[in-house]
């Protein structure tokens, strides 16, 4: 039981969340430990932990004046399907995080960050980017090599994190968070297997950016920014939007420097796509301000890229949900983060990719099928 408490400790002791239970914070912390340990044992602890977190944060959206497309229901959540066993990608001796996939010819190329498991979760600041290949979107994937590493990078000398791959004309773009500059860098290749040419300076002044290329060649992007102090110190995680006339910039802030999310909501890990004549954004609910749960996946949309509206107060996917696996036992996890989306040829959502943290061991990648979701909100 002591080991289970240790597994839960970092997850549930969140000094940034205000206690609103009339005192006795240590008693609440102990209750949360018990709840998480029960979850690890599979004895229904997830439900109790949800309740404690929502009670503690006092932040689950219940205000009827907050605009959203679907209240107390979520069509995207309903479209999630069980995970094929082949769509779970692990590597012995490594933590894996930040998945992004692209189809080239008849193959799928999965990019992600990794770091030695001996460094624990905190080793992400010294990560490198790797690639794996499969003939199916849902695997199995085979490791194909290291793509970018800090030792050979001109300015991201400490870590290269959160890679996202996309096609730009006849070339491929890999953009990523460069550490210690904490800005977004670009690398280009003529072939998906490389070699990759790194742009010798940061391109977008943002953390964990997500880009959308427009038909006219202009670019729209969103990213996380920390309003009150530079990273990695401040816990605020607001969203800023950018635009540029050309992929290489310069990138200008859209509208103003304030948070683009409504009601003071916060985010991490944005994944951006265009559907239903609007911007669509999947991200994590930083500090549980929407759901009352710490960092499940939530969904926003925007018609103009300035004013975003919550799709639903119900999470798309929460770490409190056991993850169904085709022909196997459900996955029990304590984190589900770094979402990325894969669209089919018709622009429908075919898969959500995430990094997950199991109750024990190193993080790994899950590619979850989606029942060809297309938003229809007005």
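The alpha carbons of the range 266-378 give a radius of gyration and a Dmax of 14.2, 44 Å, in that order. Quick check on the range 68-373: take the gyration tensor over C-alpha atoms, sort the square-rooted eigenvalues as a ≥ b ≥ c, and tell me if it's rounded (a/c under 1.5), prolate or oblate. It is rounded, given that a/c, with a ≥ b ≥ c, falls under 1.5. At what distance in angstrom do the alpha carbon centres of the range 96-171 and the range 294-329 lie from each other? Comparing the Cα centres of the range 96-171 and the range 294-329, I get a distance of 23 Å.
Given their separation in residues at 0.36 nm each and the Cα-Cα distance between them, residue 199 and residue 330 gain 42.9 nm when the chain is fully extended.
Only counting other Cβ atoms within 10 Å, I'd like 216, 321 sorted with the fewest neighbours first.
216, 321
Computed over Cα pairs, the Kirkwood radius of the range 174-294 leads via Stokes-Einstein (1.002 mPa s, 20 °C) to a diffusion coefficient of 140 µm² per second. A viscosity of 1.306 mPa s and a temperature of 10 °C, combined with the Kirkwood radius over Cα pairs in Stokes-Einstein, give a translational diffusion coefficient for the range 77-207 of 104 µm²/s.
Starting from the Cα gyration tensor of the range 295-348, take the square roots of the eigenvalues, sort them a ≥ b ≥ c, and report rounded, prolate or oblate (rounded when a/c is under 1.5, otherwise prolate if a/b is larger than b/c, else oblate). Oblate, because a/c is 1.5 or more while a/b does not exceed b/c.
Rg and Dmax of the range 319-360, based on Cα coordinates, read 12.4, 39 Å.
Each value in this text was obtained by applying a stated rule to the coordinates, not by laboratory testing. A quick note: this is a predicted structure, and the numbers were derived from the prediction, not measured. When we count neighbours, we look across all protein chains shown, and the Cβ atoms used for this are built from the backbone with ideal geometry, even at glycine.
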